[in-house]
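S.K.: Sharing a structure here in structure tokens format.
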Amino acid sequence: MLHSPTAMALAWGPEGTLLGNDACAALLGPPRGWLGERLAAICPDLAGGDTDLLGAALAGRSRSLRDGRVTVMRDGQPVPAALDLDGSPVVDETGAPAGLFVVLRAGAEDQAKALQQERDLSIEMRRQARNTLGVIRAVIRRSLQASQTLEDLALHLDGRVAAVGRALSTASNPAHGVDLELLLGEELLAQQAREGEQVSLAGPEVRLPVRVSERLGLAIHELTTNAIKHGALGRPTGRIAIRWEIVPGPDARRLTLVWKETGVAGRGEAPRHRGFGAELLHRMLPYELRAVVTWVPEPDGVRCTITLPLD
């Protein structure tokens, strides 16, 4: 059972204590939520009423259910499901019925929904691939315009394309978006800037659409490399505090991210005046994400604020 690709479960004893294989997770939710639980607590319809597969098995009878409408408890919430079920009794060492062995499959309706979800995900992934290629083309074009030498182009282009790749790698499922804190941490770590040493991160959990994460990841890359060359990450006394918050608005929620460098007196210029960094912050982000970007020199460093709509 444990190695089968087909969803199977064992409900043992009068309480129907559950043991299932990995394939059950697609139908019942993550195993940690139901392994060792009573069948009645996870799928009450199968331990009572007209679809009492457990009662039938303990009485020594097999029972099947086609496209059965059952309720599955996931994270304490009831979720309706359409399942095909084949249940049969399991005997103990005396030969008496002592449990239920059940094979589970999605019913016709849920199979159709799953197929449509796969199609939607395929369409989204193709769309995302086109968007990503568009971002890389823009990076190459603007890097060519901003670079003075071939070596300069190669160095910066490699880092920028890698930043886009890191943003994509943090999105295991495009539908779930990209965790902002993970996006920041991955980019800083790639530049050997570790949280708790020279950098601090603080803010609520935020999941960004992949399209937004690609552009914002590039912006963080430019801010980080600029801080290494000219700012806080290039000096032992330098520090960077990154804070973000979600601000509700009349039309959409807005993300406000503040990048604040300290310990760098006289640090005033934005990333590479008229270079790729300035182009990205002050033209690309406002145009593509409707972002508002401000760069404010301060006595001991600089503050860059990026505000953009999330919805």
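The values are calculated or read from the model by the stated rules, or taken from the named source; none is laboratory data. Bear in mind the structure is a predicted one, so any value in this text is a computation, not a measurement. Note that we place each Cβ from the backbone using ideal geometry, even for glycine, and neighbour counts take in every protein chain shown. When the accessible area is computed, the model is the full protein with side chains, heavy atoms only, and any ligands, DNA or RNA have been set aside. Shrake-Rupley method; radii C 1.70, N 1.55, O 1.52, S 1.80 Å.
S.K.: What accessible area, in Å² to the nearest ten, does a 1.4 Å probe give for GLU15?
M.R.: Probe radius 1.4 Å; accessible area of GLU15 about 100 Å².
S.K.: With every protein chain present, what accessible area does ARG290 have (1.4 Å probe, heavy atoms only), rounded to the nearest 10 Å²?
M.R.: 150 Å²
S.K.: Could I ask something else about it? Just to confirm, what accessible area per residue do you get for the range 3-67 at 1.4 Å probe, in whole Å²?
M.R.: 52 Å²
S.K.: Mind ranking ILE42, ILE228 by accessible surface for me, highest first, 1.4 Å probe?
M.R.: Listed by decreasing accessible area, they come as ILE228, ILE42.
S.K.: Right, next: Could you put PHE276, PHE101 in order of accessible surface area, largest first, with the 1.4 Å probe and the full protein assembly present?
M.R.: Highest to lowest solvent-accessible surface, that is PHE101, PHE276.
S.K.: Compute the signed sum of charges (Lys and Arg +1, Asp and Glu -1) over the other residues within less than 14 Å, Cβ to Cβ, of GLY49.
M.R.: Local charge sum for GLY49: -1.
S.K.: Once you list every other residue whose beta carbon is under 13 Å from the beta carbon of ALA163, what net charge do they have if Lys and Arg are +1 and Asp and Glu are -1?
M.R.: -2
S.K.: Something else: Express the accessible area of the range 182-246 per residue in Å², computed with a 1.4 Å probe while the remaining protein chains stay in the model.
M.R.: Value for the range 182-246: 43 Å² per residue.
S.K.: What is the sum of charges, Lys and Arg at +1 and Asp and Glu at -1, for the other residues whose Cβ falls under 12 Å from the Cβ of GLY20?
M.R.: Here the charged neighbours net out to -1.
S.K.: Using alpha-carbon pairs under 8 Å, 6+ residues apart, how would you state the relative contact order of the range 195-268 in percent?
M.R.: 32 percent
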